[in-house]
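The values are calculated or read from the model by the stated rules, or taken from the named source; none is laboratory data. Owing to the predicted nature of the structure, the values given are computational and were not obtained by experimental measurement. Cβ placement follows ideal geometry from the backbone for every residue including glycine, while neighbour counts extend to all protein chains displayed.
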Amino acid sequence: MRSDVVRLFQTLPHTCGYFAERMAQNLVIDPSSPQLEQLYEVALSRGYRRAGDHVYIPRCQACRACIACRIPVEDFRPDRSQRRCLRRNKDLDVEVVAARYSEERYQLYRNYLRWRHPDGGMDDAKPEDFSRFLYTHWSPTRFIEFREHGHLLGVAVTDFCETGLSAVYTFYDPAVSERSIGTFAILQQIEIARQRGLDHVYLGFWIKGHPKMDYKMRYAPIEVLRNGEWVVARADAD
C-alpha cells in the first residue's frame, strides 16, 4: 500500500553558496521515500530542484532571494547574442546519451571545477562525487554531449521529465570558454524540449542582480514562481 504522506526535512543552517554573509536552509523531500521518482515531476513544477538524490527548495529564515524559473519553450525566441552562439557552435555534434560515469567525462568535470571553483571545496572532485552529484538511480537523467571531431567539449546534465527538461548542471572544457558552451547548452535543451513536445525547460533558481544567476533573464520570456503561480518575469521586478 502506498502512503499519501510525504515527509519533508529542514536542513540545518549552513553558509549560503551565493551570499557568504548569509545563512541558508533547504526544505528536502525525504530521500528514502519510495515515491520520490513519482513525486519529482510534481515537485519540479512547484519550484523544487534536484541535486544528487535530494529534491529540495530553499527555505531560509531571513532571505527569499532564490526564485524558481523556467522557460516556456514555445514562446522562446533567441536574441542576437544567442543566435551568434548557435552559429559559433554549429560545427559541434550534439548527442543525448545515458547518464553514466566514464573517465573522459570525469576528467572534464574535474578540470571544469578546478577552473570554475578554485579553493571552493569543489575543486578536488573524486569519481564518486561525479556520480553522487549529477544523477541517481531513480532520476530520469541524460547527458547531452557536445563534441568536436569526437573530442568531448561539454556535457549538459539534464533530467527528462514528462512535461519538461530540468537543467541540472553543465560542465565544459575551460580551454573553449569563448564558445559559450553554457549558453549553447541551454539553447540545445530548449530545442530538444521543442522537438519532443515538452512545455518547459527548468533552470533552477534565479537571483536578481547576482552575477552568477541573473543571466537567466536573457532567456526571455522566462517564467518565475511567485506565490505559488508561474508568471512571466520582468527583469526590473523585485
Which count do you get for residues in the stretch 167-217 that are in contact (Cβ under 8 Å) with a residue 60 or more places away in the chain, out of contact with any Ser or Thr (no Cβ under 7 Å at 6 or more places or on another chain) and farther than 21 Å from LYS90 by Cβ? 12
In the stretch 153-186, how many are in contact with a strand residue (DSSP E or B) (Cβ under 6 Å, 6 or more places away or on another chain), surrounded by fewer than 19 Cβ atoms within 10 Å (Cβ to Cβ) and among the hydroxyl-bearing types (Ser, Thr, Tyr)? 1
Can you find a residue in the stretch 79-90 that is free of Cβ contacts under 8 Å to residues at least 60 places away in the same chain, out of contact with any Leu (no Cβ under 9 Å at 6 or more places or on another chain) and outside the structural domain of GLY154 (by TED's automatic domain parsing)? no
For the stretch 63-81, what are the residues that are within 19 Å of ALA185 (Cβ to Cβ) and assigned to a loop (DSSP other than H, G, I, E, B)? PHE76, ARG77, PRO78, ASP79
Is there a residue being exposed (fewer than 13 other Cβ atoms within 10 Å of the Cβ), modelled with pLDDT under 95 and not acidic (Asp, Glu) anywhere in the stretch 62-82? yes
Members of the stretch 64-89 found to be out of contact with any helix residue (DSSP H, G or I) (no Cβ under 8 Å at 6 or more places or on another chain) and of a type in the set (Asp, Glu), listed by number: ASP75
Which of the residues belonging to the stretch 66-119 are among the polar types (S, T, N, Q) and in contact with a Lys or Arg (Cβ under 6 Å, 6 or more places away or on another chain)? ASN89
Looking at the stretch 44-62, can you tell me whether even one residue there is farther than 22 Å from PHE184 by Cβ, part of a helix (DSSP H, G or I) and free of Cβ contacts under 8 Å to residues at least 12 places away in the same chain? no
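Have a look at LEU187, LEU165, LEU198, LEU152 and point out the one that is in the same structural domain as LEU86 (by TED's automatic domain parsing) and touching a Gly at 6+ places or on another chain (Cβ under 9 Å). Full working, then the answer.
Values: LEU187 fails: touching a Gly at 6+ places or on another chain (Cβ under 9 Å); LEU165 fails: touching a Gly at 6+ places or on another chain (Cβ under 9 Å); LEU152 fails: touching a Gly at 6+ places or on another chain (Cβ under 9 Å).
Exactly one residue qualifies, and that residue is LEU198.
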Looking across the stretch 197-238 at residues that are in contact with a helix residue (DSSP H, G or I) (Cβ under 7 Å, 6 or more places away or on another chain) and among the small types (Gly, Ala, Ser), the single one that is farthest from GLU41 (Cα to Cα) is ALA235
